[in-house]
Amino acid sequence: MLLNNHLDSMKIAILSPNRKHLDDMGAVLQAGGHRVLLAEGGKTRMRAMADDERPDVMIVDGMCCDPDELVLVEQVTAAHPALRVLLLCALHTPEFLIASMRAGVREVLPSPPPREALEAAVARLGARMAGTRTAARGQVIAFIASKGGSGATFLATNLASQLAQTRSVLLLDMNLQFGDALSFLGDARASATLADVARDITRLDATLLASSATKVAPGLSVLAAPEDMAQALDVRPEHIDAILDVAVAQYDFVLLDVPRVMDPVATRGLDRADRVYVVMQSSLPHVRNAARLLHVFRSLGYPPDKANIVLNRFESSTDIGIDQIRKALGDAAMVTVPNSYREVSTAINHGSAVVNSARGGAVARQLAELAASFLPRAPQARGLMDRLFRKA
């Protein structure tokens, strides 16, 4: 099989019970510079091919009249949200076309497809994928507590609110059983949750994501955790991938409030984060648990600068000082947030971010500085003498 270095080259799997159809389509797509995998057989081989080969595009021949067969397509697109599926049907009805699109199919062509139609359909799919890859990408920042009560949700929600003053922000509440991030930012009720999006993952696009998230401020939306604990089972790691793929193309920042549990869903969120902030306080249990988390991150292969420490509710008079914490935790970057019980408890009890309820307070000022560190630095204006020397 031919594989060249074209920028638009894709890995394409073709499944058909008709050997001639396979060979003809394979020749056309190989001539276009794509890597082609041919599988003689029917639709029941879709899942195995997707799992084993991870193609960019899958072309399935011979799935036509029975809408019930589209369950197989839906299973594959749910497990592999980035996969583009193209169906080939000799005959089909408008109802079948609608059902196939709902199942995650991107194109439907006649079987066998005319050469020009096949090339054009694959080119359209490639253009959409290239557009997704080259679009501006938002930052993903995760917060996880070293111990219950560390304040990770407070920091995630309040930093989201701070960043939303100048940027677009989505907060993803990944605490699927006990998530309450939305209550930190107001009294709005979620019309949809993370579990709802997971159940409708084959239809996920920017519009669905925006309509499922609860808008709490002009630049800030929250995709809430499910209210029913049982719905946590509906969310799988691949759903987190699909949601983040869409979110980073639509928002400047995507903040993850990650539960203090290293299950596959939480780990997938941490994997996708550009930075992870471990939130702790100045006590021995917090230090021990933070050290364990940092060890886990190293075992997962995270680069050293990905993990950061937030020392929350910090007071200089505590028994365990910063030097002792640094010695225990190694080289992880550390920031401190001062202890201000009145300022923080007032904000939480009123469901308001500190940037709104106590803008001039010590905690609000520190969070503003931390949020500013996430933003790109503006180039400094050159001084007068510098400009004069450059002209000279």
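The values are calculated or read from the model by the stated rules, or taken from the named source; none is laboratory data. The structure displayed is predicted, hence computed values, not measured ones. Cβ placement follows ideal geometry from the backbone for every residue including glycine, while neighbour counts extend to all protein chains displayed. Quick note on the areas: whole protein, heavy atoms, side chains included, nothing else; ligands and nucleic acids left out. Shrake-Rupley method; radii C 1.70, N 1.55, O 1.52, S 1.80 Å.
Scanning region 254-305 for residues that are among the polar types (S, T, N, Q) and surrounded by fewer than 18 Cβ atoms within 10 Å (Cβ to Cβ) gives 267, 283, 299.
Per the listing 140, 73, 122, the residue uniquely modelled with pLDDT of 90 or more, part of a helix (DSSP H, G or I) and within 31 Å of the chain's Cα centre (by Cα) is 122.
Could you tell me which of the residues 160, 192, 225, 156 is in contact (Cβ under 8 Å) with a residue 12 or more places away in the chain and either surrounded by fewer than 20 Cβ atoms within 10 Å (Cβ to Cβ) or of a type in the set (D, E, K, R) (or both)? On inspection, the qualifying residue turns out to be 192. Applying the set (1) open to solvent by less than 60 Å² (accessible area, probe 1.4 Å); (2) assigned to a helix (DSSP H, G or I); (3) touching a Pro at 6+ places or on another chain (Cβ under 9 Å) to residue 95 leaves exactly one unmet item: (1). If I filter region 11-41 down to residues being open to solvent by less than 30 Å² (accessible area, probe 1.4 Å) and modelled with pLDDT under 90, which single residue comes out as nearest to the chain's Cα centre (by Cα)? It comes out as 33. Here residue 58 meets the list (1) closer than 28 Å to residue 245 by Cα; (2) over 25 Å from the mean Cα position of the chain (by Cα); (3) surrounded by 19 or more Cβ atoms within 10 Å (Cβ to Cβ) almost entirely, failing just condition (2).
Residues are listed down the side, and each one gets a yes or a no for (1) modelled with pLDDT under 95; (2) in contact with a Lys or Arg (Cβ under 7 Å, 6 or more places away or on another chain):
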| residue | (1), (2) |
| --- | --- |
| 209 | yes, no |
| 218 | yes, no |
| 226 | yes, no |
| 233 | yes, no |
| 237 | yes, yes |
| 256 | no, no |
| 263 | yes, no |
| 273 | no, no |
| 278 | no, no |
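Give 233, 171 a once-over and let me know the one that is open to solvent by 30 Å² or more (accessible area, probe 1.4 Å), not hydroxyl-bearing (Ser, Thr, Tyr) and not in a loop (DSSP other than H, G, I, E, B).
Details: 171 fails: open to solvent by 30 Å² or more (accessible area, probe 1.4 Å).
Testing whether each residue is open to solvent by 30 Å² or more (accessible area, probe 1.4 Å), not hydroxyl-bearing (Ser, Thr, Tyr) and not in a loop (DSSP other than H, G, I, E, B) leaves just 233.
Among the criteria (1) assigned to a helix (DSSP H, G or I); (2) touching a helix residue (DSSP H, G or I) at 6+ places or on another chain (Cβ under 6 Å); (3) of a type outside the set (Ser, Thr, Tyr); (4) within 19 Å of residue 128 (Cα to Cα), the one residue 29 does not fulfil is (2).
Are any residues in region 53-64 out of contact with any Cys (no Cβ under 6 Å at 6 or more places or on another chain) and more than 15 Å from residue 81 (Cα to Cα), and if so, which ones? Walk me through how you get there before you give the answer.
Step one: filter region 53-64 for residues out of contact with any Cys (no Cβ under 6 Å at 6 or more places or on another chain), giving 53-63.
Those that are out of contact with any Cys (no Cβ under 6 Å at 6 or more places or on another chain) and more than 15 Å from residue 81 (Cα to Cα): 59, 60, 61, 62, 63.
All of (1) open to solvent by 40 Å² or more (accessible area, probe 1.4 Å); (2) in a strand (DSSP E or B) hold for residue 369 with one exception: (2).
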